[in-house]
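S.K.: The structure's right below; bear with me while I get my questions together.
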Amino acid sequence: MAVLSILTASGQGQKPERLNIGRMAVDRDVLKADKFVTREGAGLPGGHGNAVEGKEIFERRCAKCHGQKGEGADDAALVGGIGSLGKPKELRTVGSFWPHAPGVWDYVNRAMPFKEPGSMTADQVYAVVAFILNLNGLVEVQDEMNAKTLPKVKMPNRDGFVKDPRPDVKAKR
């Protein structure tokens, strides 16, 4: 079970200082944090969206950090870099680095927008992910992303990760 708490202390042996931010996690917070999406798409919720819908949401909620077309700056770039991994000027983006599209959905759902993580609906997340995938040339603007179609998106770096050879991690995930 996920544990959602923050403890801060001003020194060893002292009681944690209350910062008057946040709130205690309630059952629905823990349940939401305990859900995860597999690379095969298990755990994706109902909902749908396409790049046309995602463009408006992206411009309003994402472009401030990532640029109007996902070009971003430094680590905020979401687009480009396909074929650059392992080269002197590699660029790790959704299109060049991420191996599975359901992982993109899970990350956007949990962590974005930066100052309001988890604030988008499933439909909004599907739409934003469709927009990002479209910017990377991986889906068409009208392609609907949902729990069935998203796992079928072939990410350019799908086979770019080395399998873990340790015998203690061979169990199916």
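The values are calculated or read from the model by the stated rules, or taken from the named source; none is laboratory data. These numbers were taken from a predicted model, which means no experiment stands behind them. Positions of Cβ are generated from backbone atoms using ideal geometry, with glycine treated the same way; all protein chains shown enter the neighbour counts. Surface areas here come from the heavy atoms of the whole protein model, side chains and all, with no ligands, DNA or RNA. Shrake-Rupley method; radii C 1.70, N 1.55, O 1.52, S 1.80 Å.
S.K.: Please give the solvent-accessible surface of Arg110 in Å², to the nearest 10, using a probe radius of 1.4 Å with every protein chain present.
M.R.: About 100 Å², rounded to the nearest 10.
S.K.: From the backbone phi of region 55-72, what are the Karplus-calculated ³J(HN,Hα) couplings (6.51 cos²θ - 1.76 cosθ + 1.60, θ = phi - 60°) in whole Hz, Gly and Pro given as x?
M.R.: 4, 5, 5, 4, 4, 7, 10, 10, 4, 4, 9, 9, x, 4, 10, x, 6, x
S.K.: Show me the trypsin sites (Lys or Arg not before Pro) within region 121-164 that DSSP assigns to loop and that have at most 16 other Cβ atoms within 10 Å of their Cβ. Walk me through the numbers on the way to the answer.
M.R.: Numbers: sites: Lys148, Lys152, Lys154, Arg158, Lys163; in loops: Lys148, Lys154, Arg158, Lys163.
Taking region 121-164 and a limit of 16 other Cβ atoms within 10 Å, the loop trypsin sites (Lys or Arg not before Pro) found are Lys148, Lys154, Arg158, Lys163.
S.K.: Report Rg/Rh for region 48-98, rounded to two decimals, where Rg is the Cα radius of gyration and Rh the Kirkwood radius.
M.R.: 1.05
S.K.: Further, regarding this structure: Rounded to the nearest whole Å², what accessible area per residue is found for region 43-173 with the 1.4 Å probe? Please report the intermediate quantities before stating the final value.
M.R.: On the way: 7870 Å² over 131 residues.
The answer is 60 Å² per residue.
S.K.: Please work out the Cα convex hull volume for region 70-109 and give it in Å³ per residue.
M.R.: With only Cα atoms used, region 70-109 gives 66 Å³ per residue.
S.K.: Here's another thing I want to ask about it. Please arrange His48, His66 by accessible surface area, largest first, computed with a 1.4 Å probe and ligands excluded.
M.R.: Largest accessible area first, the residues go His48, His66.
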